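Asker: One structure, as structure tokens, below. Some questions next.
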């Protein structure tokens, strides 16, 4: 089984290092036969109307400073085009997940963007966009990035069909609110069982709110070697996290879209962690579909 994964060259402009590394992940997934790469069309700017403050959105599209670079990455036409391409992939992957059960967007830079501006390397909130574009669909984000999804939390209070569950080591302004539940866990201090408790709480929220689509932020920046990590999770613990989230979806027949989110180690190390997430998705989809978790777990990429 290959996971349908959306990516095009515009996602990864060489002049933007945080985005250029997405190419490493795409190439690794293709080389290992873990994903079927699909090329989305970039989103049209008019599809973003009503998502962000109009003045901010226009400044970002036009490159008007200082707002265009408000999220922390210097604006350029290539950076803007990368964002529009990744947003197009987000919408395409959501449609694929609804049809096929699962899809991936090899994208980052969404969950910190608030209504008024981009923040935290996130210019446009591509998680909230899914709810805006399909108001009849209940969208629940399971955000397991190192940093709390503060932007999605704000949008959850604005969009009645958006729900945000954020499990993080670094709060980043994610304090809880309407349809948003934060869980701060620092695994190296509190132990992985505490993280499992947070995942079980997320599962209870999935049961309670019965979303039509799960969106999983599979952050690699929780890893113990990541320079931004306070969670300090091992490679195996990240894999167990991924298995738990994919099982939430698979056992309930819920469509799931997942994306790579944060990761600040070397590009190849992050690509290995991203590949492990895809291995978890494939294993859950194949084993549960075959009648249970009876097969041995796959070998993971070594992170060194």
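Asker: Being closer than 16 Å to residue 124 by Cβ and surrounded by fewer than 24 Cβ atoms within 10 Å (Cβ to Cβ) is the filter here, so list the residues in the range 143-171 that pass it.
Answerer: Within the range 143-171, 154, 158, 159 meet the criteria.
Asker: Are any residues in the range 6-28 in contact with a helix residue (DSSP H, G or I) (Cβ under 6 Å, 6 or more places away or on another chain) and over 16 Å from residue 82 (Cα atoms), and if so, which ones?
Answerer: Across the range 6-28, the qualifying residue is only 28.
Asker: From the residues in the range 174-188 that are more than 18 Å from the chain's Cα centre (by Cα), modelled with pLDDT of 95 or more and farther than 20 Å from residue 248 by Cα, which one is surrounded by the most Cβ atoms within 10 Å (Cβ to Cβ)?
Answerer: 187
Asker: Separate question: Do we find that residue 280 is in a helix (DSSP H, G or I) and either closer than 17 Å to residue 169 by Cβ or within 18 Å of the chain's Cα centre (by Cα) (or both) in this structure?
Answerer: yes
Asker: Only residues in the range 186-205 that are over 13 Å from residue 244 (Cβ atoms) count as the first member; pair them with residues that are part of a helix (DSSP H, G or I), Cβ under 6 angstrom, at least 6 apart or cross-chain, and list the lot.
Answerer: 187/195
Asker: Next up: Just a yes or no: is a residue in the range 252-259 surrounded by 24 or more Cβ atoms within 10 Å (Cβ to Cβ), in a helix (DSSP H, G or I) and under 15 Å from the mean Cα position of the chain (by Cα)?
Answerer: No, that holds for no residue.
Asker: Do the conditions hold for residue 127, that is, is it within 30 Å of residue 189 (Cβ to Cβ), part of a helix (DSSP H, G or I) and touching a residue at least 40 places away in the same chain (Cβ under 8 Å)?
Answerer: Yes, satisfied.
Asker: I've got another one for you. Identify all residues within the range 74-114 that are part of a loop (DSSP other than H, G, I, E, B) and surrounded by fewer than 21 Cβ atoms within 10 Å (Cβ to Cβ); write none if there are none.
Answerer: Scanning the range 74-114 gives 74, 76, 101.
The values are calculated or read from the model by the stated rules, or taken from the named source; none is laboratory data. Please read these numbers as outputs of a predicted model, since none were measured by experiment. Backbone-built Cβ (ideal geometry, glycine too); neighbour counts: all protein chains shown.
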